[in-house]
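Trainee: Sharing a structure here in structure tokens format.
The values are calculated or read from the model by the stated rules, or taken from the named source; none is laboratory data. This structure is a prediction, so every number in the text was calculated from the model and none was measured. Quick reminder, even Gly has a Cβ in these numbers, built from the backbone with ideal geometry, and neighbours come from all protein chains shown. Each accessible area value is taken on the protein alone, full model and side chains, heavy atoms only, with ligands, DNA and RNA left out. Shrake-Rupley method; radii C 1.70, N 1.55, O 1.52, S 1.80 Å.
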Amino acid sequence: QQPVQSPQAVILREGEDAVINCSSSKALYSVHWYRQKHGEAPVFLMILLKGGEQKGHEKISASFNEKKQQSSLYLTASQLSYSGTYFCGTEIMESGGGADGLTFGKGTHLIIQP
Amino acid sequence: EAQVTQNPRYLITVTGKKLTVTCSQNMNHEYMSWYRQDPGLGLRQIYYSMNVEVTDKGDVPEGYKVSRKEKRNFPLILESPSPNQTSLYFCASSPRATVGYTFGSGTRLTVV
């Protein structure tokens with residue numbers, strides 16, 4: 001079952017901040033974030049594993065609320081290079097202990113204007 | 001260089017003609033997955049594999065087959081392609097659960 005991402009699209013001026021949200025109806029093992037540039041493959045940004053965990057990658061960070069099964073990606077002081085489509089991916093714990101593969105949301109299109 | 005290699009990059013075929021898209025990784029990864037990407041629908045998982053001879057259906061497995069006879073290879077087979085399988089396909093691999101995936105460059109398939 002696909003996680004739900006919001007918003008579907010964001011248009012920003014360079015230097016502005018953005019937040020992308022991801023939510024699931026199932027208990028999550030992990031949340032991944034990826035960025036895809038037009039015509040290219042998705043590229044891994046970061047993964048979050050624990051409730052309340054936060055991680056950072058340059059000016060891009062994320063949080064994971066395990067109780068609510070929600071994650072948010074924060075882009076601060078956005079740069080032109082941040083443009084692209086952002087996907088969250090979720091892993092759900094199987095009864096046998098492994099994860100069931102990575103299921104992606106529909107993506108959020110981020111456009112950064114000069 | 002560590003990578004996931006898909007072939008071919010582009011393919012145009014006719015309805016009903018069996019085809020195979022190959023995927024190979026040189027990183028000794030346990031997990032491998034196939035996705036299709038369509039406008040507005042994001043990346044949808046077709047099949048995934050947690051190890052050799054261990055495969056399972058994703059969200060959209062109808063019309064596809066996979067096999068995992070060796071750790072490095074995970075081919076996607078379309079026994080009788082139809083126009084609704086026209087899409088951009090990605091193969092991806094990961095060392096294990098809770099580690100980021102590396103994606104191949106994609107295969108753009110057109111079925112006429």
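Trainee: Could you run through the stretch A:44-72 and say how many residues are part of a strand (DSSP E or B), at pLDDT 85 or above and either of a type in the set (Ser, Thr, Tyr) or open to solvent by 40 Å² or more (accessible area, probe 1.4 Å) (or both)?
Mentor: Result for the stretch A:44-72: 7.
Trainee: Also, quick follow-up: Looking only at the stretch B:43-87, how many residues end up being outside any strand (DSSP E or B) and charged (D, E, K, R)?
Mentor: 9
Trainee: Right, something else. Quickly run through the stretch B:14-45 and pick out the residues that are open to solvent by less than 30 Å² (accessible area, probe 1.4 Å) and within 14 Å of A:Gly105 (Cα to Cα).
Mentor: If the condition is that a residue be open to solvent by less than 30 Å² (accessible area, probe 1.4 Å) and within 14 Å of A:Gly105 (Cα to Cα), then B:Tyr35, B:Arg36, B:Asp38, B:Gly42, B:Leu43, B:Gln45 are the ones that fit.
Trainee: What pairs come out if I take residues in the stretch A:80-92 that are closer than 11 Å to A:Cys22 by Cα and pair them with residues that are part of a strand (DSSP E or B) and small (Gly, Ala, Ser) whose C-beta lies under 8 Å away, six or more apart or interchain?
Mentor: Listed pairs, sorted by first residue: A:Phe87/B:Gly42; A:Cys88/A:Ser71; A:Thr90/A:Ser30.
Trainee: Which of (1) on the phi > 0 side of the Ramachandran plot; (2) within 13 Å of chain A (Cβ to nearest Cβ); (3) in contact (Cβ under 8 Å) with a residue 40 or more places away in the chain does B:Gly16 not meet, given it meets every other one?
Mentor: Every listed condition holds for B:Gly16 apart from (2).
Trainee: Given the options B:Ser93, B:Ser49, B:Ser87, name the one that is open to solvent by less than 30 Å² (accessible area, probe 1.4 Å) and touching a His at 6+ places or on another chain (Cβ under 6 Å).
Mentor: The conditions single out B:Ser93.
Trainee: Among (1) at the interface with chain B (Cβ under 9 Å from one of its Cβ atoms); (2) at pLDDT 85 or above; (3) open to solvent by less than 40 Å² (accessible area, probe 1.4 Å); (4) not in a strand (DSSP E or B), which single condition is A:Phe87 missing?
Mentor: Every listed condition holds for A:Phe87 apart from (4).
Trainee: Which of the residues spanning the stretch B:15-34 are under 18 Å from B:Glu62 (Cα atoms) and not in a strand (DSSP E or B)?
Mentor: B:Thr15, B:Gly16, B:Lys17, B:Lys18
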